[in-house]
1. Give me the percent of the accessible area of the chain that comes from carbon and sulfur atoms, probe 1.4 Å, all protein chains in place.
2. Could you calculate the FRET efficiency of residue 303 with residue 216 from 1/(1 + (r/R0)^6), where r is the beta carbon distance between them and R0 is 56 Å, rounded to 0.05?
3. Considering every pair of different Cα atoms, what Kirkwood radius, in Å, is found for region 84-203?
4. Subtracting the Cα-Cα distance from 0.36 nm times the residue separation, let me have the gained length for residue 147 to residue 116 in nm, one decimal.
5. Measure off 7 Å from each Cα along the Cα-to-Cβ vector at residue 47 and residue 314, then give the distance between these two points in nanometres to one decimal.
6. For the chain, count the residues as N, evaluate 2.2 N^0.38 Å, and divide the Cα radius of gyration by that value, please.
7. Calculate the all-directions average of the projected area of region 76-154's alpha-carbon convex hull, and give it in nm².
8. Using alpha-carbon pairs under 8 Å, 6+ residues apart, how would you state the relative contact order of the chain in percent?
Amino acid sequence: MKKIKTAIIGSGFMGGAHVEALQRIGGVEVIAIASMDLNSARSIADKFSIPKIYENWKDVLASNEVEVIHNCTPNNLHFEINKAAINSGKHIISEKPLTINSKQSAELLKLAVRKKVVNAINFNYRFYPLIQHARIEMQKGVLGEIYLVHGNYLQDWLYYNTDYNWRLETGVSGESRAIADIGSHWCDMVQFVTGMKIKKVFANLVTIHKTRLKPEKSVETFKRKEKKSFGKAKDIEIKTEDAGTVLFQFENGTIGTFTVSQVSAGRKNHFWFEIDGSRKSIAWNQEDPNKLWVGYREKPNEVIIKDPSLLNEDAKRFAHYPGGHPEGYPDGPKNLFMSVYNFIREGKSPLKDKKDFPTFEDGHQENLIVEAILKSNRLQKWIEVK
């Protein structure tokens, strides 16, 4: 197997997650990591035997050895780094959001086409085996006519006003937080499973903590609640949403609703959806990802467990262990990256060949949805997604 040499830019929570996933897929050699936080970069490099560490991400792009870039930086750096990677002729896998607005993501889409580079965005939840199974079931029409799609994505890591992270700062994270950060995953998921696009939204968003205490030292994502104290802090005005509810319509008129929150006590990463059809319903919970609930009117409900022998043929390749052996969060990015690197290794064309992974086009679509939701919340009326 031809080894593909890659580099990671960013050394936070997702930087480490990307490296770990790449170590598990084979045929990929992570030769460099770049980060302004050299201590964090050294920690990851030491743990995973990455030979080169850079403080400036531009030095990574200048390397002729590197074929693929993983952009795991804060949101405000996504556009600049993704654009530079494409211009350097390197394939690019970006964290979401693709950029902090749709103008930037539209520019990246055009550039990626012109430069003919493979591009992907880390909508990793698509790659649970039972999600792939559910999508194929939908394509077969086994649910019948779709009546309703609903669900939520709830967390509590920003529950207190003393919880802090760069995602709370609009200059770094963008105009939206809860919707862009976790709502984007929910929207991508239901569009992926149903095969339908969200075309109209009506949103009601709320900021619970109008001010928060920002500590002098930066706090890694999800880590603040593990600390008993955080030293000196100052009051910071918060301009992004802590929670919200969105009504939506798909392109065929099917209706739905979802709630997002980062201030729901006890909910750690409660990503749940249900799709109700004329023949049956299905529901899935990310915190219990090896089960797919199937609901009926006229007979007892069912629970399909993650077992390759029970899955559709096309979904089996995403399940790497026998039934009764759980697969979880780390397996999502592993499956996504496996698909991307196989595509690259086989020399497929990003313009002509079918892709089984989310691309910058999907990232751009999510930006359009987020912007429509923000506009709807401001105007308090239905807004069409461009």
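The values are calculated or read from the model by the stated rules, or taken from the named source; none is laboratory data. Here the structure is a predicted model, which is why all the values come from computation and not from measurement. We place every Cβ from the backbone using ideal geometry, glycine too, and count neighbours over all the protein chains shown. Remember, those area values only see protein heavy atoms, side chains included, never the ligands or the DNA or RNA. Shrake-Rupley method; radii C 1.70, N 1.55, O 1.52, S 1.80 Å.
1. Numbers: 8520 of 17530 Å².
Carbon and sulfur atoms account for 49 percent of the accessible area of the chain.
2. Working: r = 49 Å, r/R0 = 0.87.
With a Förster radius of 56 Å, E is 0.70.
3. On the way: mean 1/r = 0.0589 Å⁻¹.
Kirkwood hydrodynamic radius for region 84-203: 17.0 Å.
4. On the way: separation 31, 0.36 × 31 = 11.16 nm, distance 3.98 nm.
Computed gain between residue 147 and residue 116 is 7.2 nm.
5. 3.6 nm
6. Numbers: Rg = 20.6 Å, N = 386, 2.2 N^0.38 = 21.2 Å.
Rg over 2.2 N^0.38 Å, computed on Cα atoms: 0.98.
7. Working: hull surface 30.3 nm².
Mean orientational projected area (region 76-154, Cα hull): 7.6 nm².
8. Details: 819 pairs, mean separation 78.8, N = 386.
Averaging sequence separation for qualifying contacts and normalising by length gives 20 percent for the chain.
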